[in-house]
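Quick notes on the structure that follows.
Values in this text are rule-based calculations from the coordinates and carry no lab data. As the structure is a prediction and not an experimental result, all values here were calculated from the model. Cβ coordinates were reconstructed from backbone atoms using ideal geometry, including for glycine residues, and neighbour counts include every protein chain displayed.
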Amino acid sequence: MKLDVLTLGAGNAGSIDLDDAIFGLEPRADILHRVVRWQRAKAQAGTHATLGKSDVSYSTKKIYRQKGTGGARHGSRKAPIFRKGGVYKGPTPRSHAFDLPKKVRALGLRHALSAKATAGELVIVEDLNLTDAKTAAVAKAVKEKGWKRVLFIDGTEVNEGFARAARNLDGVDVLPSMGANVYDILKRDTLVITRAGVEALAARLNGDVK
């Protein structure tokens with residue numbers, strides 16, 4: 001697959017050959033779904049908690065005599081049936097993460113990149129260098145290109161000036177190649193990768209970089 005390489009200005013920087021094993025696959029929704037579920041489950045805080053019977057702060061004195069009341073023989077107001085009592089089998093802090101094979105994760109990234117290429121939402125740029133690395137300059141470049149919700153993926157290291165200028169822009173994210181992931185790629189309308197980013201992703205997915 002061959003795509004034109006643009007610049008953040010109005011120029012053109014030639015073309016680039018993209019690996020079909022990374023950008024030319026037929027996207028599979030089931031694989032993308034598995035990887036996104038794995039990412040979101042891993043990101044869950046899992047801090048939900050309630051007070052059980054043993055956690056409630058209350059007197060342990062027997063609330064009334066055992067017999068003769070005509071009611072149930074309760075021993076503590078901490079029981080779940082009482083107001084302000086403990087919750088029975090309520091949520092406790094836990095991790096929602098589950099294992100997913102590395103090969104499936106790598107395959108999911110390949111399919112996410114291929115999905116953007118297939119949909120025509122993949123753009124390759126020469127680099128992220130701007131003569132004036134300020135927020136206004138990045139906002140102008142993004143607007144002129146017609147990008148609204150865009151993810152920039154740079155090489156092994158992100159252009160610090162561009163990243164600093166773009167961090168206050170709504171709908172604009174910047175990641176290094178090692179930070180590229182299925183969820184962030186799919187939730188943006190446009191994926192912009194630098195030439196160095198393409199090379200770094202190819203090295204990462206072809207096994208040269210773990």
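Here's the picture: charge each Lys and Arg Cβ at +1 and each Asp and Glu Cβ at -1 in the range 50-90, and of Gly71, Phe82, Leu51 the one pushed furthest to the positive end of that dipole is Gly71. Loop-resident GluC sites (Glu not before Pro) (DSSP state other than H, G, I, E or B) in the range 123-210 with no more than 14 further Cβ atoms inside 10 Å of their Cβ: Glu157. When only alpha carbons are used to place a centre, the range 163-210 and the range 40-107 end up 42 Å from one another. Taking the chain as a Gaussian network, where each spring joins two C-alpha atoms under 10 Å apart, which residue of Lys67, Lys134, Lys53 fluctuates the most? Maximum among the listed residues: Lys67. Extension gain, Arg94 to His33: 0.36 nm times the residue separation minus the Cα-Cα distance gives 19.7 nm. Going down the list Lys42/Lys140; Lys2/Lys145; Lys2/Lys134; Lys103/Lys143, which pairs span over 29 Å between their C-alpha atoms? From Lys42/Lys140; Lys2/Lys145; Lys2/Lys134; Lys103/Lys143, over 29 Å: Lys42/Lys140; Lys2/Lys134; Lys103/Lys143. Computed about the Cα centre, the dipole magnitude for the chain is approximately 2880 debye when only Lys and Arg (+1) and Asp and Glu (-1) carry charge, each at its Cβ.
Relative to the longest principal axis of the Cα atoms of the chain, the long axis of helix 135-145 lies at roughly 70 degrees. Measuring nothing but how far apart in sequence close Cα pairs (under 8 Å, 6+ apart) lie, relative to its length, the chain scores a relative contact order of 23 percent. In plain terms, the chain is cut at each of the chymotrypsin sites (Phe, Trp or Tyr not before Pro) found in a DSSP loop with at most 12 other Cβ atoms within 10 Å, and the longest leftover piece is 99-210. Using 14 Å as the cut-off for backbone N distance, which residues of the range 79-95 belong to the label zone defined by a point 7 Å from the Cα of Thr47 along Cα→Cβ? Answer for this model: 93-95. Once the Cα atoms are used to define both axes, helix 195-205 deviates from the longest principal axis of the chain by about 50 degrees. For P(r) over Cα pairs in 10 Å bins from 0, in percent, the value computed from the atomic coordinates appears in the list (i) 8, 26, 23, 13, 8, 9, 8, 4, 1, 0; (ii) 8, 28, 26, 18, 14, 6, 0; (iii) 9, 36, 38, 15, 1 under label (i). Positive end of the dipole of the range 90-203 (Cβ unit charges, origin at the Cα centre): among Leu130, Val174, Phe162, the Cα lying farthest that way belongs to Val174.
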